[in-house]
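Nothing in this text is a laboratory measurement; each read-out follows from the coordinates by a stated rule. Small disclaimer: the values here were computed from a predicted structure and weren't measured. Glycine also receives a Cβ, built like all others from the backbone with ideal geometry; neighbour counts cover every protein chain displayed.
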Amino acid sequence: MGLFDKVRAAAEKAFADPLPPAEDARLPWDDSQPMGVLVESEWLNQATGDNQAPGHDLIDRARGIPYRFVLEVYRPGIAPYRLERRERIPAKVEGSYFGSEHRVQKGAQVPLTVTGPEPEDVAIDWEAYLALPGRMRQTKRLEIENQWDAIGARFEQTTKPATVAKIRGNSQMAVMSWAQAVRAGQLSRADFERNAEQLLRMGHLLAVDYERAVLVIEE
């Protein structure tokens with residue numbers, strides 16, 4: 001099984017679990033405190049410097065897990081800016097999600113500590129991150145969203161055109177059916193949006209077909 005197939009299988013397995021709505025997966029955001037968003041989060045293999053090799057051994061984990069981040073920084077009184085970082089994070093950050101390993105996800109919100117006067121003088125406060133209310137809920141949401149996005153990024157490149165057309169045709173019919181169900185009071189708008197979001201992010205539904213379905217609901 002190739003890497004893409006593994007990602008797709010993992011995502012499909014996750015679909016069977018309840019997915020927190022996006023609005024329920026937001027973390028408390030205090031504008032008076034330095035915060036950051038990981039616009040990129042890349043797990044790195046220490047030996048090769050890439051993200052393709054197998055996991056770390058126990059000794060390596062004891063030293064911390066190497067990552068590459070692009071961090072969008074939000075500090076009071078300063079316009080948001082971005083920094084690129086490579087650092088080792090505490091192993092417990094990966095191993096604290098119901099006792100199993102979950103990598104730090106792109107899109108995660110992280111508390112920051114200001115360590116000096118320069119823009120780059122900020123550090124991610126991993127202890128505060130672990131203590132954030134709702135962090136596990138957000139982790140689950142981001143993990144599944146990022147799996148959907150990984151599928152969507154390769155969908156047309158790895159799927160035969162005839163199959164792409166068939167899948168999108170089926171998705172078009174499905175989303176119109178959901179729209180009719182919303183109008184009839186048989187499906188909530190929130191459930192419609194969650195179902196459509198999955199198909200959109202995976203590349204299985206075109207934006208124009210989603211917009212047509214929304215018109216059916218709102219007309």
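Annotations
- Listed by Cβ neighbour count within 10 Å, with the fewest neighbours leading, M35, M136 appear as M136, M35.
- If you take all other residues with their beta carbon under 9 Å from the beta carbon of V114, and give Lys and Arg +1 and Asp and Glu -1, the sum is 0.
- Calculated FRET value between E87 and A181, using beta carbons and R₀ = 41 Å, to 0.05: 0.30
- 12 Å reach of a label modelled at N195, 7 Å along Cα-to-Cβ, counting backbone N of the stretch 138-172: 171-172
- For E118, E193, E72, order by how many other beta-carbon atoms lie within 10 Å, fewest first: E118, E72, E193
- Taking other C-beta atoms within 10 Å as the exposure proxy, R212, R168 rank R212, R168 from fewest upward.
- At an R0 of 22 angstrom, the distance between the Cβ atoms of D31 and M136 translates into a FRET efficiency of 0.40.
- Estimated at 0.36 nm per residue, the fully extended path between A207 and E219 surpasses their Cα-Cα distance by 2.5 nm.
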